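Only one structure is covered here, and it is reproduced in the block below.
Derivation of every value follows stated rules applied to the coordinates shown; laboratory data play no part. Note that the structure is predicted; figures quoted are calculated from it, not measured. Neighbour counts run over all protein chains shown; Cβ positions are idealised from the backbone, glycine included.
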């Protein structure tokens, strides 16, 4: 029997059973978001390379770039947020005063494939653009939690922190903080010591659990409670959450399948007030969230 050609490494077919699960999941989240006032948007899979470069820090090396027949530098989209930023910058009349959209689409990253991680995967994003009010952060968090509940994830909780609490800490220390639950404090201390960090800097890892909430996080918690959510049931404070350092400017959050900060995230987001301004020529604040469809399905199956 002739052997059929395989898919490229990191790419895959979605069989009918899984495709049905994905579509059912997407429809349920769409219902939640449309009831909350979000509208659908679609953007191209391919962008000019210069649109994407300079937006992702060290992760930029994972962008798939190529040239077309006209020798133009193009790239497959790395996420759905930078295309949103470009779209809003070109359609600023939509900000009246805010624009809330959701989008489902394929994104591409040239990383090493491993269990549950592919070079092509589906993201489900929703964002509100045009307001710096922390009430919008709370509304995004609420929409994510309600989406999880609609999928039967009754124990899911949002871990929340503030990017600004790390403003005076060395970047390598921050990255170590974000890995505490994966690697452990003692192993990270050894790693930082080998890099030549002072003991006082290394002790930041020891004391991170004693970090108090920022005033912005407290305000978001208050807004969430006004929206009918409960702390330690729907959301919790996680001082070790330190994601998206090259990207986020304020609140950062990750949706967990339970109340354990060490659990694998099923979605994440935060406030990014500088990105759209790179295209628009003026600051346009924004906050958003992204579900990873594959991880979300795994969480549903495990629940």
**Förster radius 35 Å - calculated FRET efficiency between residue 278 and residue 207 (Cβ-Cβ, nearest 0.05)** = 0.50
**Fill in**
Here the Cα Rg-to-2.2 N^0.38 Å ratio for the range 1-117 is 1.30
**Message:** Please compute, for the alpha-carbon atoms of the range 111-259, the extent along each of the three principal axes and give them in descending order in Å.
**Reply:** 47, 39, 30
**Prompt:** What's the exposure ranking of 77, 117, 72, going from fewest to most Cβ atoms within 10 Å?
**Reply:** 72, 117, 77
**Complete:** Per-residue Cβ contact counts at 10 Å, fewest first, order 98, 128 as 98, 128
**Fill in**
Packing-ranked peptide list from 49-57, 233-241, highest mean Cβ count within 10 angstrom first, is 233-241, 49-57
**Asked** Is the shape of the range 147-188 rounded, prolate or oblate, going by the alpha carbon gyration tensor and its root eigenvalues a ≥ b ≥ c, with a/c under 1.5 for rounded and a/b larger than b/c for prolate?
**Response** oblate
**Item:** Kirkwood Rh and Cα Rg combined as Rg/Rh, the range 16-302
**Value:** 0.96
**Message:** Eigenvalues of the Cα gyration tensor times 5, then square-rooted: what semi-axes does that give for the range 156-244, in whole angstrom, largest first?
**Reply:** 29, 13, 9
**Item:** Candidates 70, 105, 250, ranked by Gaussian network fluctuation over the chain, Cα under 10 Å, top entry
**Value:** 70
**Asked** Across 10 Å bins from the origin, how do the percents of Cα pairs in the range 224-303 run, short distances first?
**Response** 16, 41, 31, 11, 1
**Prolate/oblate/rounded call for the range 74-157, Cα gyration tensor, a/c under 1.5 rounded** = oblate
